[in-house]
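Data block below; observations after.
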Amino acid sequence: MKHYSAFAVAREALRYHTGWERAWRSPEPKKKYDVIIVGAGGHGLATAYYLGKNYGIQNVAVIEKGWLGGGNTGRNTTIIRSNYLQDPSAAIYEKARSLYEDLSQDLNYNIMFSPRGVMMLAQTHHEIRGYQRTAHANALQGVQTEWITPERVKELVPIINIDGPRYPVLGALWQERGGTARHDAVAWGYARACSAMGMDIIQQCEVKGVRSENGRVVGVDTTKGSIDCDKLGMVVAGHSGQLAEMAGFRLPLEAIALQALVSEPIKPCMDVVVMANTVHGYMSQSDKGEMVIGGGTDAFNNYTQRGSFHHIEETVRALVETFPMISRLKMLRQWGGIVDMTGDRSPILSKTPLGGCFINCGWGTGGFKSIPGSGWGMAQLMATGHSPLTEAFSLDRFKEGRFIDESVAAGVAH
């Protein structure tokens, strides 16, 4: 009797029950598409999906140099929230959060959305003022958040130490309808829906050049040959700068690694997401019982997708004071992703100097939570030339000085 691994069984079940075969085997590209999206991560796949669903544009190819969802979409810590300070940020993140609530039904695919709540701890008086300001701004924006006391924090998270000697918990910004989702399932759900529309998802297909005529994009050169298109969307996160240079323009970005780790699985002990920005650490518990832990970005520019000892030391040391029980845990695994950071810590969703070419990048360390809203706005921009969700995030803001400063609301930018 032949034996199959658990992964093989799950893969075959996925193919049988969802009609995944088309996307799994990566069809050969056609000669021309109406739209090519470079990047088969959450943002790229969501853009393709809403192009088809909202605007009927289905002659689309999503091309990916690696594998579907293998970049930052499969490397993040799954936090979803929308309590940002500036109006444009709150609008696009709240659109994303609201779409997440019904995304499983919309895609007919369980993304395991868990609105467990997200709290951002205030451990200095400066943070109290900053988070209370954000709470007032959110009230005006229609985003449901509230300021809660240390006693309420302890009630929601019994394992927390609110009387830490260096950084006691003085309160928190609490978004009850924030939470988490299964990152791989978000990518797979969008991919399956795109495939069902007849779109091509082409893996192991790296872009080597962008072709243009008379100032307008006409196609791309890839490792699978040349492909023509009428419009091109670049959605490749940390590698946006290289792709933009192929198209003949530069981006105000820097690429930095962001690391995360998980502990060995333990019994359920924390059912909310906690962020401690003063000490640069955040933590939640996965469905498998692992404590999912992350912190700030590396201190230097790099394209590394692996962990390092300094991250374990800095991040876990900071969290042990607030969560003493985790000092006894063993680390299970560690990884990194390449994030693209702008000067104002806000994304770029914009037309570019090359006609017919659009860019979606600069999400920094907050990309996963914005996937549905980003895809919705980017699809509208590519289909119609304008979107209220993306207007403030154009490249022009750097030339005109219209920065959208989210360095406070983003904290460690998660």
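The values are calculated or read from the model by the stated rules, or taken from the named source; none is laboratory data. Model, not experiment: these values are computed from the prediction. We place every Cβ from the backbone using ideal geometry, glycine too, and count neighbours over all the protein chains shown. These area figures cover heavy atoms from the full protein model, side chains too; ligands, DNA and RNA do not enter into them. Shrake-Rupley method; radii C 1.70, N 1.55, O 1.52, S 1.80 Å.
Things to note:
- Considering each residue of the range 291-306 in turn, none proves to be touching a residue at least 12 places away in the same chain (Cβ under 8 Å), closer than 25 Å to I160 by Cβ and either part of a loop (DSSP other than H, G, I, E, B) or among the aromatic types (F, W, Y) (or both).
- Of all residues in the range 157-181, those being farther than 14 Å from F113 by Cβ and in contact with a Leu (Cβ under 9 Å, 6 or more places away or on another chain) number 9.
A quick yes/no check of all residues on (1) closer than 24 Å to I404 by Cα; (2) of a type outside the set (A, V, I, L, M):
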{"residue": "E245", "(1), (2)": "no, yes"}
{"residue": "P252", "(1), (2)": "yes, yes"}
{"residue": "A260", "(1), (2)": "no, no"}
{"residue": "Q285", "(1), (2)": "no, yes"}
{"residue": "T304", "(1), (2)": "no, yes"}
{"residue": "R328", "(1), (2)": "no, yes"}
{"residue": "M341", "(1), (2)": "yes, no"}
{"residue": "D344", "(1), (2)": "yes, yes"}
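- Which listed residue, of G336, G289, G294, is modelled with pLDDT of 90 or more, open to solvent by less than 10 Å² (accessible area, probe 1.4 Å) and farther than 26 Å from G373 by Cα: G289
- Selection of first residues in the range 137-159 that are farther than 22 Å from I80 by Cβ and of second residues that are part of a loop (DSSP other than H, G, I, E, B) and charged (D, E, K, R), restricted to Cβ pairs under 9 Å at least 6 apart or on distinct chains, gives the following pairs, ordered by first then second residue: P150/D163.
- Just one of the listed residues (I57, I63) is β-branched (V, I, T), modelled with pLDDT of 95 or more and open to solvent by 10 Å² or more (accessible area, probe 1.4 Å), namely I57.
- Note on the range 117-131: residues that are open to solvent by 30 Å² or more (accessible area, probe 1.4 Å) and either without any contact (Cβ under 8 Å) to a residue 24 or more places away in the chain or part of a strand (DSSP E or B) (or both) amount to 2.
- Restricting S89, S104, S114 to residues that are at pLDDT 95 or above, surrounded by fewer than 24 Cβ atoms within 10 Å (Cβ to Cβ), of a type in the set (S, T, N, Q) and out of contact with any strand residue (DSSP E or B) (no Cβ under 8 Å at 6 or more places or on another chain) narrows the list to S104.
- Single residue of the range 205-216 satisfying the filter (out of contact with any helix residue (DSSP H, G or I) (no Cβ under 7 Å at 6 or more places or on another chain) and over 18 Å from H43 (Cα atoms)) that is most open to solvent (accessible area, probe 1.4 Å): N214
- Residue match in the range 73-86 (condition: under 29 Å from A185 (Cα atoms), open to solvent by 30 Å² or more (accessible area, probe 1.4 Å), out of contact with any Asp or Glu (no Cβ under 9 Å at 6 or more places or on another chain) and at pLDDT below 95): yes
- For the range 33-53, the set of residues classified as within 15 Å of F368 (Cβ to Cβ) and either among the aromatic types (F, W, Y) or surrounded by fewer than 24 Cβ atoms within 10 Å (Cβ to Cβ) (or both) is empty.
- Residues being more than 14 Å from F323 (Cβ to Cβ) and touching a strand residue (DSSP E or B) at 6+ places or on another chain (Cβ under 8 Å) - total across the range 144-171: 10
- Filter result for V186 (in contact (Cβ under 8 Å) with a residue 40 or more places away in the chain and out of contact with any Phe, Trp or Tyr (no Cβ under 9 Å at 6 or more places or on another chain)): no
- Strands (runs of 3 or more DSSP E) contained in the range 216-290 and holding at least 1 residues closer than 26 Å to G307 by Cβ: 254-263, 273-276, 281-285
- One residue alone among G164, G238 is touching an Asp or Glu at 6+ places or on another chain (Cβ under 6 Å), closer than 21 Å to I37 by Cβ and of a type outside the set (S, T, N, Q), and that residue is G238.
- Residue tally, condition open to solvent by less than 10 Å² (accessible area, probe 1.4 Å), farther than 30 Å from M120 by Cα and assigned to a loop (DSSP other than H, G, I, E, B), over the range 148-204: 1
- For N301: the one exception among (1) under 25 Å from A46 (Cα atoms); (2) over 19 Å from the mean Cα position of the chain (by Cα); (3) not aliphatic (A, V, I, L, M): (1)
- Restricted to the range 310-414, the set of strands (runs of 3 or more DSSP E) holding at least 2 residues that are within 26 Å of R211 (Cα to Cα) and of a type in the set (A, V, I, L, M, F, W, C) comprises 348-351, 357-361.
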